[in-house]
1. When only alpha-carbon atoms count, how far does region 108-155 stretch along each of its three principal axes, as whole angstroms with the largest first?
2. State, to one decimal in nm, how far the label point of S30 lies from the label point of A79, with both points 7 Å from Cα in the Cβ direction.
3. Return the tail of the calculated pair distribution for region 77-145, meaning the percent of Cα-Cα pairs more than 21 Å apart.
4. Can you give the log10 of the normalised intensity I(q)/I(0) at q = 0.09, 0.10, 0.15, 0.22 Å⁻¹, computed with Debye over equal Cα scatterers of region 182-295?
5. Name the residue farthest towards the positive end of the dipole of the chain from the options S30, L239, N283, assuming +1 on Cβ of Lys and Arg, -1 on Cβ of Asp and Glu, about the Cα centre.
6. Calculated from DSSP H runs of 4 or more alone, at -39500 (n - 2.57) each and per residue, what is the 222 nm mean residue ellipticity of the chain, nearest 500?
7. Name the residue farthest towards the positive end of the dipole of the chain from the options T249, Q178, P192, assuming +1 on Cβ of Lys and Arg, -1 on Cβ of Asp and Glu, about the Cα centre.
8. Given a Förster distance of 30 angstrom, what is the FRET efficiency for A197 paired with S260, based on the Cβ-Cβ distance and rounded to 0.05?
Amino acid sequence: MRLENSELRAFHAVIEEGGFKRAADALHISQSAVSQAVAGLENKLGAMLVQRGKELQLTDVGRRVFTHAADVLQREQRALEDIEHLKQGRAETLSLAMSGSINRFYARELISTYYQRNPHTRLMISEMPARSIIGAVIAGSVELGFGPFQKDMAAFDILPLYSDSRHLVVSPRHAEYQALVAGDPTALKRTPLIASALDNPDMRPSFARLRDQFSTVWEVSSLRLRIHMVNEGMGVTFLDRKLLNEHETCQTFEILSDLSFGRIDKQVGLYYRAGRELSDSANNFIGLCAERWNL
């Protein structure tokens, strides 16, 4: 079974424009062609995508297909833009997603040097939680990921750059600071874990066991906001050793060293989809990082 781009484009337009007629006008095709495209998707998938009525409502399947359609059309648009730039003799795009720690400690130096060497390259750089970077690279939304490696990286070609560790920390301002530092599991059970992104426990059973140690898990993608929340005594979080050593606020946090799961060792580096032929812009960035870390 294959979902054609023309079908996805029509379905995406129906939702974005708020109706079949408006979608047809936006795409400059007939309304019947739009209806046939959406019906074709529904027949292929064996499920309704939208509830017809005065207002269109996406079904659960429809929401998933809409997300997929948006990703496909975004990648198509990016490819067309890159092709147009190449036709005009302009350089390619560096499409990169990095973690918050990478952004804080290394991004300014690396991007400044990269720009000096590649002044005509178009830059598309995002900061994301580590797990979100994995998904973005797999989906093709970005070409290169830069952050901590996950347990299973079989889908990627990787370039390890350095090793680091993450530590569970608490602020002295937390109401149960003394009990948490002493390793009291009941105090931990009353405390939220503030994480960059929530994992699916069915995909990572170890995370399900970890999250069970806390009262709940809050998803906060911003590193700066996570640090603020911990500093306010709102919960605990995992932070990189380098951040704990060099960030003024983080230096006041206490590592919960008496907990068996309070330390996570990791490798940090670059990765991209296995077997993918990289753009010159990506290869140039990889070369810069290899030079920076003396590889």
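1. Principal extents (largest minus smallest coordinate, Cα): 35, 20, 18 Å.
2. Going by the 7 Å Cα→Cβ label model, 2.9 nm.
3. Counting pairs separated by more than 21 Å, the tail of P(r) holds 32 percent.
4. These q points yield log10 I(q)/I(0) values of -0.35, -0.43, -0.83, -1.28.
5. Selected residue: S30.
6. It lands at -13000 deg cm²/dmol.
7. P192
8. The formula returns an efficiency of 0.85 here.
Values quoted throughout were computed directly from the atomic coordinates according to the rules given, and no laboratory measurement underlies them. As the structure is a computational prediction, the values presented were derived from the model and not from experiment. When we count neighbours, we look across all protein chains shown, and the Cβ atoms used for this are built from the backbone with ideal geometry, even at glycine.
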